[in-house]
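Input: a single structure, listed below in structure tokens.
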Amino acid sequence: MNYVNPMKPSERMKIPRQVSIEQTAEERNRNFNEVSAGLDEARAVLEAARCLECKNPVCIEGCPVTIDIRTFIQLIFKKDFIGAANKIREANYLPAICGRVCPQETQCEIVCILGKKYEPVAIGKLERFVADYEISNNLFIPPVITNHIDQKVAIVGSGPAGVTCAAELAKLGYKVTIFEALHGLGGVLRYGIPEFRLPREILDIEMERVRQLGVEIYKNFVVGRTATIDELFNEWGFEAIFLGTGAGTPTFMGIPGESLSGVYSANEYLTRVNLMQAYQFPDSDTPIKVGKEVAVIGGGNTAMDAVRTSLRLGAKKAYLIYRRSRKEMPAREEEVHHAEEEGVEFMMLTNPTRILADGNNWVCGIECQKMELGEPDESGRRKPIPVKGSEFVVPVQTVIEAVGQKPNPIIQTTTEGLDVSKWGTIVVNDVQLTSREGIFAGGDLTRGGATVILAMRDGKIAADAIHKYLSDKQDGKTESK
Amino acid sequence: MFPIISKEILSSTITKYVIHAPFIAKKRKAGNFVMLRVVDNGERIPITLVDSDSNAGTITLIVQAIGKTTKLLATKNVGDSILDVVGPLGVPTPIELHGQIVCIGGGVGTAEVYPIARALKDVGNTIYSIVGARSKDLIILEKEMGAISKEIYVTTDDGSYGRKGIVTDPLKELLDANKDIQAVYAIGPLPMMKAVSNLTKTYSTKTLVSLNAIMVDGTGMCGGCRVSIGGKMKFACVDGPEFDAHLVDFDELIMRNRTYVDLEKIADERCKLTPSIAALAGGVK
Ligand SMILES: Cc1cc2nc3c(=O)[nH]c(=O)nc-3n(C[C@H](O)[C@H](O)[C@H](O)COP(=O)(O)OP(=O)(O)OC[C@H]3O[C@@H](n4cnc5c(N)ncnc54)[C@H](O)[C@@H]3O)c2cc1C
Ligand SMILES: Cc1cc2nc3c(=O)[nH]c(=O)nc-3n(C[C@H](O)[C@H](O)[C@H](O)COP(=O)(O)OP(=O)(O)OC[C@H]3O[C@@H](n4cnc5c(N)ncnc54)[C@H](O)[C@@H]3O)c2cc1C
Ligand code: SF4
Ligand code: FES
């Protein structure tokens with residue numbers, strides 16, 4: 001492949017990694033507007049000029065859906081921003097979302113050659129730039145679908161796994177229907193990830209583009225209740241089904257005091273704020289209550305979103321309580337950094353033991369215990385062990401538990417023949433096929449909690465497998481005629 | 001969108017709605033509920049499915065206007081639509097032949113116990129029913145309950161109708177007089193269900209209640225509806241809403257349900273600023 005950038009590698013390396021325009025920490029920790037405005041055109045082109053246009057672009061291997069990163073960066077350098085957007089969309093139908101929420105620092109950017117000596121190319125920010133450029137200039141043209149296939153496929157759940165599978169199958173010409181339990185589309189993207197990281201307009205636009213592929217969408221439809229899987233096959237006439245129902249059921253720690261008023265699962269807390277817009281109460285009808293002092297328990301993205309949301313809802317102090325050390329926190333580095341900047345107080349190596357009540361059954365404090373790190377456990381991380389006699393109490397009026405989620409069992413318990421693991425996830429093979437013919441699954445439902453891009457990858461693999469399954473089935477029918 | 005096909009005022013605050021929702025109509029069983037959202041930015045609230053007609057594709061709801069969302073709903077008329085209705089949710093009531101059963105409805109809870117009583121009657125149980133409310137105006141479905149019951153007792157707190165007192169008065173007499181009563185189903189305000197449960201415990205009579213925990217999604221995704229059943233955490237929307245009364249921690253739930261009282265009042269105050277809701281609220285206490 002040719003080089004498009006005339007600069008010498010040494011010149012490219014001298015350009016510093018470009019940074020996004022961001023709201024200041026003091027300004028943003030009181031509003032729900034997006035933290036980062038991304039790169040502007042000049043910075044994006046300059047950032048693209050940093051890319052070495054490697055012969056062997058290892059960044060592509062780092063991408064779970066193998067976006068042709070090298071080519072799209074070259075197109076940005078040539079200022080063909082729409083060409084770049086379309087290049088990404090060949091592999092990833094949701095670039096405006098992935099450009100914002102993917103952990104690039106552990107995927108494409110960690111392997112970027114430039115990162116060996118300097119900072120890696122800001123691949124994620126470039127992805128976001130072209131997606132935003134396309135949106136703000138209204139230049140999106142839906143892919144033309146030339147082939148039309150009569151077979152019907154049902155997609156259960158409108159999270160990243162489901163919509164990706166739907167988009168891929170619709171592009172191949174299948175009749176695709178999405179069933180979503182909630183009144184809004186997007187799964188965690190809608191009810192979990194806050195607007196200050198992923199604005200609703202962006203999500204709405206990406207979801208609308210899925211609809212524009214001719215995908216039919218039923219909201220307010222709980223598969224397993226409104227209709228069962230078997231009814232979808234036998235009465236609705238679907239020939240294959242993809243399950244992308246996520247891992248939405250919250251788990252609680254099981255410590256005393258969890259039924260007090262003022263204790264939330266992160267899921268409930270974030271759902272009230274994001275899906276139900278409780279931060280606009282009383283202009284919206286769903287209430288939420290946040291104390292002056294808030295404790296969030298956990299160390300993942302969910303905990304980070306809950307604690308940053310608390311500041312925005314008016315908490316004076318927001319603590320993040322995590323039983324391991326900062327290094328072990330599974331949250332994205334950028335989110336941890338943003339949380340710190342915004343004034344979140346990190347209480348590492350600390351484990352809650354009890355939630356304390358005032359006279360009105362409201363939370364008034366949380367009792368914690370200090371931890372120290374012992375030997376590595378099965379996950380390879382050093383296991384935290386309690387320090388005897390180290391209990392102390394933090395006064396808080398709100399406690400939010402972000403300590404893990406598991407799949408919602410509604411479909412598993414109403415569908416025969418689906419193998420389920422001891423963690424409640426659905427068992428699939430390497431092409432996302434479940435133990436039942438014609439039923440495929442992916443995303444958090446099969447992985448437990450993972451990432452947006454891995455859910456999308458599962459959706460793509462499943463779409464390929466469904467295509468093969470349905471083509472074979474169709475051939476079988478024609479042959480036997 | 002879910003169009004309102006008919007609307008009937010049952011009392012100054014209680015209204016019956018028939019709504020077009022064909023998928024739900026087809027699958028509804030006694031004990032199921034729906035989550036509904038009247039308008040964009042509105043709250044999702046749980047309401048019991050009182051009846052359904054799968055041929056007409058309709059469901060029946062009976063709703064008491066007590067706060068922002070239920071009052072807003074009351075302003076909607078035939079021809080208007082409800083934005084979101086999802087269901088049928090919750091574990092349906094196991095409909096078994098017990099023999100003789102008491103079914104108790106308190107206030108709008110009568111609308112919730114009626115479909116269960118009817119289904120239990122259809123499989124051959126003998127039903128004794130008790131319908132109670134604060135005052136005459138809030139007694140609903142007396143005729144319907146009467147039609148499926150061997151005997152029906154009506155109580156009002158203020159004595160404005162039926163017998164003065166609370167539902168546990170006739171219940172105690174029934175349990176004393178009839179040793180063959182196998183089970184009690186009670187749905188109504190939490191203090192009422194708690195009183196029934198305390199009473200039937202002393203007779204060791206199996207008792208089922210439907211818990212009106214505060215819900216957000218209604219599908220098991222938030223845990224906001226968690227209740228303590230025999231010391232274990234359960235989600236009312238997916239594990240219930242029906243539970244063995246003798247295992248329920250009523251006091252805990254009564255406290256939890258007070259979490260938002262002050263904010264609910266603010267939302268309710270807002271209704272008064274909206275002319276159409278205020279007009280209706282004029283007739284509402
Ligand atoms: C707060 C939070 C922040 C996160 N931040 C990040 C991040 O920054 N970057 C990142 O990569 N990942 C992040 N993640 C993880 C990521 O969001 C998930 O891995 C991803 O959304 C999983 O996608 P999915 O399609 O499998 O399921 P989900 O997104 O969970 O979607 C499942 C959908 O299925 C619907 N559904 C469930 N049951 C039924 C049913 N019976 N019938 C019909 N519909 C049903 C649900 O309502 C939901 O809409 C975060 C997760 C959370 C909770
Ligand atoms: C399974 C179930 C079935 C129900 N069936 C019926 C029915 O058939 N008819 C009927 O009139 N009512 C029913 N209810 C109660 C009904 O959901 C509440 O009256 C309604 O949510 C009140 O909302 P509001 O905005 O009008 O009033 P608000 O002022 O918001 O609340 C008034 C009271 O209702 C309760 N409540 C508030 N929000 C919720 C919520 N999101 N979920 C549950 N309870 C809440 C609280 O105890 C509160 O104090 C049922 C409740 C449950 C849990
Ligand atoms: S590895 Fe880095 S420098 Fe090489 S092509 Fe990919 S982004 Fe460019
Ligand atoms: S209402 Fe959310 S889990 Fe029951």
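The values are calculated or read from the model by the stated rules, or taken from the named source; none is laboratory data. The model shown is predicted, which means the values in this text are computed figures rather than measured ones. Heads up, the Cβs are rebuilt from the backbone with ideal geometry, glycines too, and the neighbour counts pull from every protein chain shown. Side chains are part of the model used for accessible areas, which takes the heavy atoms of the whole protein and leaves out ligands, DNA and RNA. Shrake-Rupley method; radii C 1.70, N 1.55, O 1.52, S 1.80 Å.
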Item to complete: Report yes if some residue within segment A:237-257 is in contact with a Cys (Cβ under 6 Å, 6 or more places away or on another chain) and either within 13 Å of ligand 1 (Cβ to nearest atom) or not polar (S, T, N, Q) (or both); otherwise report no.
Response: yes
Practice prompt. Would you check which residues across segment B:65-85 are under 18 Å from residue A:183 (Cβ atoms), more than 11 Å from chain A (Cβ to nearest Cβ) and part of a loop (DSSP other than H, G, I, E, B) and list them?
Written response: B:76, B:80
Practice prompt. Kindly indicate whether any position in segment A:112-134 is in contact with a strand residue (DSSP E or B) (Cβ under 8 Å, 6 or more places away or on another chain), buried (at least 21 other Cβ atoms within 10 Å of the Cβ) and not small (Gly, Ala, Ser).
Written response: no
Worksheet item: Consider residue A:276 against the criteria (1) more than 14 Å from residue A:399 (Cα to Cα); (2) at the interface with chain B (Cβ under 9 Å from one of its Cβ atoms); (3) open to solvent by 10 Å² or more (accessible area, probe 1.4 Å): it satisfies all of them except one. Which criterion is unmet?
Response: (3)
Worksheet item: So, in segment A:243-253, of the ones that are part of a loop (DSSP other than H, G, I, E, B) and more than 8 Å from chain B (Cβ to nearest Cβ), which residue ends up most open to solvent (accessible area, probe 1.4 Å)?
Response: A:253
Worksheet item: For the subset of segment A:272-297 comprising residues that are of a type outside the set (Ser, Thr, Tyr) and part of a helix (DSSP H, G or I), which member is nearest to ligand 3 (Cβ to nearest atom)?
Response: A:274
Response to the item:
Counting only residues in segment B:191-237 that are surrounded by 18 or more Cβ atoms within 10 Å (Cβ to Cβ), within 18 Å of residue B:101 (Cα to Cα) and out of contact with any strand residue (DSSP E or B) (no Cβ under 7 Å at 6 or more places or on another chain), the one nearest to the other protein chains (Cβ to nearest Cβ) is identified as B:195
Discussion item. Filter segment B:16-27 down to the residues that are surrounded by 24 or more Cβ atoms within 10 Å (Cβ to Cβ), within 12 Å of chain A (Cβ to nearest Cβ) and not β-branched (Val, Ile, Thr) and list them by number.
Written reply: B:21
Discussion item. Could you tell me how many of the residues in segment A:259-271 are facing chain B (nearest Cβ under 7 Å) and either buried (at least 20 other Cβ atoms within 10 Å of the Cβ) or outside any loop (DSSP other than H, G, I, E, B) (or both)?
Written reply: 5
Discussion item. Residues that are touching a residue at least 60 places away in the same chain (Cβ under 8 Å) and open to solvent by 30 Å² or more (accessible area, probe 1.4 Å): does segment A:49-59 have at least one?
Written reply: yes
Practice prompt. Filter the helices (runs of 4 or more DSSP H) completely within segment A:65-121 down to those with at least 1 residues that are within 16 Å of ligand 1 (Cβ to nearest atom) and farther than 22 Å from residue A:209 by Cβ.
Written response: A:108-111
Fill in: Selection from segment B:238-262 of residues that are within 12 Å of chain A (Cβ to nearest Cβ), open to solvent by 50 Å² or more (accessible area, probe 1.4 Å) and either more than 9 Å from ligand 2 (Cβ to nearest atom) or assigned to a helix (DSSP H, G or I) (or both)
B:239, B:249, B:251, B:255, B:261, B:262
Worksheet item: Right, residue A:93: in contact with a helix residue (DSSP H, G or I) (Cβ under 6 Å, 6 or more places away or on another chain) and open to solvent by 10 Å² or more (accessible area, probe 1.4 Å) or not?
Response: no
Worksheet item: Which of the following residues is in contact (Cβ under 8 Å) with a residue 12 or more places away in the chain and crowded, with 24+ Cβ neighbours inside 10 Å: A:196, A:179?
Response: A:179
Discussion item. Away from every other protein chain (no Cβ under 14 Å), at pLDDT 95 or above and either touching a Cys at 6+ places or on another chain (Cβ under 7 Å) or within 16 Å of ligand 4 (Cβ to nearest atom) (or both): is that true of residue A:73 in this structure?
Written reply: yes
Discussion item. Given the options A:459, A:438, A:443, A:448, name the one that is away from chain B (no Cβ under 14 Å), modelled with pLDDT under 95 and away from ligand 4 (no atom under 16 Å from the Cβ).
Written reply: A:448
Discussion item. Any residue that is of a type in the set (Phe, Trp, Tyr), over 30 Å from residue B:266 (Cα atoms) and within 14 Å of another protein chain (Cβ to nearest Cβ) - is there at least one of those in segment B:104-120?
Written reply: no
Worksheet item: Quick one: which of B:101, B:45 is more than 16 Å from ligand 3 (Cβ to nearest atom), open to solvent by less than 10 Å² (accessible area, probe 1.4 Å) and within 29 Å of residue B:196 (Cβ to Cβ)?
Response: B:101
